[in-house]
Each structure stands twice: as C-alpha cells, then as structure tokens.
1. Looking at Ala34, Ala97, Ala52, can you tell me which residue is modelled with pLDDT under 85, open to solvent by less than 100 Å² (accessible area, probe 1.4 Å) and among the small types (Gly, Ala, Ser)?
2. Take Ala76 and tell me if it is among the small types (Gly, Ala, Ser) and open to solvent by 80 Å² or more (accessible area, probe 1.4 Å).
Amino acid sequence: MSAGYEGGAEANSDTRILIALARIEERQNSLVAAGQSAQAAAEARHTNVMQAIATFVPRSEIEKDNKALHERIDAAEKRLDTMEKRVWGAVAGAVSAFGSVVLSKIGLMH
C-alpha cells in the first residue's frame, strides 16, 4: 500500500511542477508582450518628439529673420526718402523755371 501512495505523491508532485512551469511560462509570455507594447509606445513617442523638434525654430533664427526684415524696411524707407527728395526737387525746379518764364514774359526778369 505504501508503494501506491508513493506513486500518488510522485504524480501529485509532477502535476505541481507542471502547473508551476505553466505559470512561469504564462508570466514570461505576458512580460514579453508588455515589453513589446512598451517598445512600440516608446517608438511612437520618439517619432512624435522628432517631429516636434523638426518643426522647432530657435529664437535666434526668428530674431535673425526679424533683423533682416527690419533692415529691408529701413532700406526701402531710405529709397523712398531719396525718391521723394528728387521728386520735390524736380517740382521746385519746374516751378522755378515756370516762374522764370512767366516773369520774363511779363518783363520782370531779363
């Protein structure tokens, strides 16, 4: 009777070992799946960060662009001032010439 009992204990022990191995395998599989999921999420975050960095414009670049824009505006204003002076100079010259012609016609200038 003791031989049968030992066989039952051994079968019971084998079953417990198989159950423990199955639990270990299941835990390992779930850890692998969680690791793969975490890796995919990390890759997605990395992609998002890289896209954000690609669209980032440093403040120095913005300031450089603003400075260049202001320099172009200043140059355009200087050209307009020069043109305005030339136009008014031409108008003054024309008025002066017209005045001289009128005055010479009426005999006030020689």
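The values are calculated or read from the model by the stated rules, or taken from the named source; none is laboratory data. Predicted model only: the values in this text are computed from it and were never measured. These area figures cover heavy atoms from the full protein model, side chains too; ligands, DNA and RNA do not enter into them. Shrake-Rupley method; radii C 1.70, N 1.55, O 1.52, S 1.80 Å.
1. Ala97
2. No: the conditions fail for Ala76.
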